1. Are any of the residues in region 21-35 surrounded by 10 or more Cβ atoms within 10 Å (Cβ to Cβ) and in contact with a strand residue (DSSP E or B) (Cβ under 9 Å, 6 or more places away or on another chain)?
2. Run down I44, I19 and say which single residue is modelled with pLDDT under 95 and more than 17 Å from V100 (Cβ to Cβ).
3. Any residue at all in region 50-61 that is at pLDDT below 95, within 17 Å of V11 (Cα to Cα), within 16 Å of the chain's Cα centre (by Cα) and outside any loop (DSSP other than H, G, I, E, B)?
4. Test I44 against the criterion of being part of a helix (DSSP H, G or I) and either in contact with a strand residue (DSSP E or B) (Cβ under 7 Å, 6 or more places away or on another chain) or farther than 24 Å from S71 by Cβ (or both), and give yes or no.
5. Pick from region 22-41 the residues that are of a type in the set (A, V, I, L, M) and assigned to a helix (DSSP H, G or I): which of them is modelled with the lowest pLDDT?
Amino acid sequence: MLEMKKYNILVSLFSFTPIKGTKFENVKPPSLERYRKIQFAREIIEKYDVSKDDFGFIDGVLIKLPDLKISVEEAIKTSGCSYCTRPYYNEKPNKTLYNVPQKRKY
């Protein structure tokens with residue numbers, strides 16, 4: 001995401017969804033907690049001038065975010081096209097949404 005920002009490329013996130021009949025059908029999707037960290041990292045990268053050294057990783061897993069103010073409400077909304085409804089493909093009924101399909105304020 002940091003590299004993409006250099007080129008003014010907007011990163012859109014969708015959590016991994018195992019699809020029956022593919023070689024990944026038995027791979028588990030990320031936990032909501034892990035996915036939220038990635039969404040928050042994306043929001044921080046979009047809003048602030050940060051580097052990889054500002055984040056903490058263990059074995060490639062994001063464990064620490066910079067202590068910067070972001071809107072959690074905005075961070076969990078679908079990024080990318082304003083009319084995207086794909087998050088419903090990733091979701092399960094009666095579960096917390098990974099991506100909230102609402103238009104972002106900024």
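1. Yes, region 21-35 contains at least one residue that is surrounded by 10 or more Cβ atoms within 10 Å (Cβ to Cβ) and in contact with a strand residue (DSSP E or B) (Cβ under 9 Å, 6 or more places away or on another chain).
2. On the way: I44 fails: modelled with pLDDT under 95.
Every option except I19 fails the conditions.
3. no
4. no
5. Pass one, region 22-41, residues of a type in the set (A, V, I, L, M): 27, 32, 38, 41.
Remaining after also requiring assigned to a helix (DSSP H, G or I): 32, 38, 41.
On the way: L32: 91, I38: 95, A41: 97.
Going through the qualifying residues, I end up with L32.
The values are calculated or read from the model by the stated rules, or taken from the named source; none is laboratory data. What you are looking at is a predicted structure, and each value in this text was computed from that prediction instead of being measured. Virtual Cβ from ideal backbone geometry, glycine too; neighbours counted across all protein chains shown.
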